[in-house]
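Enquirer: Got a structure here, written out as structure tokens. Questions coming.
The values are calculated or read from the model by the stated rules, or taken from the named source; none is laboratory data. These numbers come from a predicted model, not from an experiment. Here the Cβ positions follow ideal geometry from the backbone for every residue, glycine too, while neighbour counts run over all protein chains shown. Side chains are part of the model used for accessible areas, which takes the heavy atoms of the whole protein and leaves out ligands, DNA and RNA. Shrake-Rupley method; radii C 1.70, N 1.55, O 1.52, S 1.80 Å.
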Amino acid sequence: MDKQNRKAIIAGNWKMNKTPTEAGFLLDDLIPQVEYANCEVVCCVPATDLAVAIAKCAGTNVHVGAQNVHFEKAGAYTGEISADMLADLGVEYVVVGHSERRQYFAETDETVNKRAKAALAAGLKPIICVGESLAQREQGVTEELVRMQVKIALGGVSAEQLKNVVIAYEPVWAIGTGRTATADQAQEVCAAIRKVVGELYGEDAARGLTVQYGGSMNAENAAELLAKPDVDGGLIGGASLKADQFAVIVDAATKG
Ligand code: PGA
């Protein structure tokens, strides 16, 4: 029952793909295919595609997200982009703490927390990514690890701000590997995330939280994953680069 009251969000994470010209083509293809969705549709695009994406999505039901944000407001941080810059451009969402950023760009739970708070302060909605590696899953520490990632990421986030937070459970071993978590594995960890948020903010806040699954979600497996009671949406990499596949996932969320 709770699920019906939560916002289902299907977000594409384009990663480092698509030039601005290509982004325009992809959005032209996608927008008409998802116009009747009754879930929230988001495209998290490279920084260089944000302007074209915002122009293309204006007046449509597709929302635009960035893939990273710096935590300082402004200053001598060559190459970085602040939350105010994104918000001023018209960006609504931002992916924070993706495992690729943790792995290749030295992102830590502490910087994830700083970025999430900076995003929220600027009025952006962070999609905070958490998830275990294969070794951690095999060691049986998935739940403990994800609980810790969630707790640290939300440190200093107010109950009011939590309403703008999305948490994405993305097992590292499932990202870009074609190896999806089973629907039961996704459900188990998404439920654990909701539980820890309930401990921190109370049951009502936990019931209202959108928790996504991400990791090789595609047109074939989305319906089963999205049918689970605690899986409210998806963060989709590879399959978000093909408009028709992404549209099938949006459709699955609409039904799930
Ligand atoms: P994938 O990526 O769907 O290509 O596995 C998901 C993600 O990294 O968000």
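Enquirer: Within the range 222-256, how many residues turn out to be of a type outside the set (S, T, N, Q), within 11 Å of the ligand (Cβ to nearest atom) and out of contact with any Cys (no Cβ under 9 Å at 6 or more places or on another chain)?
Expert: Selection size over the range 222-256: 8.
Enquirer: On to the next question. How many of the residues in the range 77-100 are away from the ligand (no atom under 16 Å from the Cβ) and either aliphatic (A, V, I, L, M) or in contact with a Cys (Cβ under 7 Å, 6 or more places away or on another chain) (or both)?
Expert: Looking only at that region, the number is 7.
Enquirer: Does any residue of the range 148-171 turn out to be over 24 Å from L124 (Cα atoms), within 16 Å of the ligand (Cβ to nearest atom) and surrounded by fewer than 23 Cβ atoms within 10 Å (Cβ to Cβ)?
Expert: For the range 148-171, residues over 24 Å from L124 (Cα atoms), within 16 Å of the ligand (Cβ to nearest atom) and surrounded by fewer than 23 Cβ atoms within 10 Å (Cβ to Cβ): absent.
Enquirer: Looking at the structure I just gave you, is A66 more than 16 Å from the ligand (Cβ to nearest atom) and modelled with pLDDT of 95 or more?
Expert: The answer is no for A66.
Enquirer: Among the residues that make up the range 128-143, is at least one of them open to solvent by 50 Å² or more (accessible area, probe 1.4 Å), among the hydrophobic types (A, V, I, L, M, F, W, C) and within 16 Å of the ligand (Cβ to nearest atom)?
Expert: Yes, the conditions are met somewhere in the range 128-143.
Enquirer: For the range 172-185, does any single residue satisfy the condition of being more than 16 Å from the ligand (Cβ to nearest atom), surrounded by fewer than 22 Cβ atoms within 10 Å (Cβ to Cβ) and either over 20 Å from N13 (Cα atoms) or aliphatic (A, V, I, L, M) (or both)? Spell out the reasoning first.
Expert: Within the range 172-185, the first condition is being more than 16 Å from the ligand (Cβ to nearest atom), and the residues that meet it are 184.
Filter once more, so that each one left must be surrounded by fewer than 22 Cβ atoms within 10 Å (Cβ to Cβ): 184.
Checking the rest, the ones that are also either over 20 Å from N13 (Cα atoms) or aliphatic (A, V, I, L, M) (or both) come to 184.
Looking for residues that are more than 16 Å from the ligand (Cβ to nearest atom), surrounded by fewer than 22 Cβ atoms within 10 Å (Cβ to Cβ) and either over 20 Å from N13 (Cα atoms) or aliphatic (A, V, I, L, M) (or both), one finds at least one in the range 172-185, hence yes.
Enquirer: Surrounded by fewer than 16 Cβ atoms within 10 Å (Cβ to Cβ), in contact with a helix residue (DSSP H, G or I) (Cβ under 9 Å, 6 or more places away or on another chain) and farther than 23 Å from V211 by Cβ - does that describe any residue in the range 90-109?
Expert: So far as the range 90-109 goes, yes, one or more of its residues are surrounded by fewer than 16 Cβ atoms within 10 Å (Cβ to Cβ), in contact with a helix residue (DSSP H, G or I) (Cβ under 9 Å, 6 or more places away or on another chain) and farther than 23 Å from V211 by Cβ.
Enquirer: Something else about it: I'm checking my understanding of the structure. Among residues of the range 1-31 that are at pLDDT 95 or above and of a type in the set (K, R), which one is nearest to the ligand (Cβ to nearest atom)?
Expert: K15
Enquirer: Further question: Go over the candidates A205, A219 one by one and state the one that is more than 16 Å from the ligand (Cβ to nearest atom), on the phi < 0 side of the Ramachandran plot and open to solvent by 10 Å² or more (accessible area, probe 1.4 Å).
Expert: A205
Enquirer: Now for a different question. How many residues are within 24 Å of K255 (Cβ to Cβ), in contact (Cβ under 8 Å) with a residue 60 or more places away in the chain and not in a helix (DSSP H, G or I) when one looks only at the range 1-35?
Expert: Looking only at that region, the number is 9.
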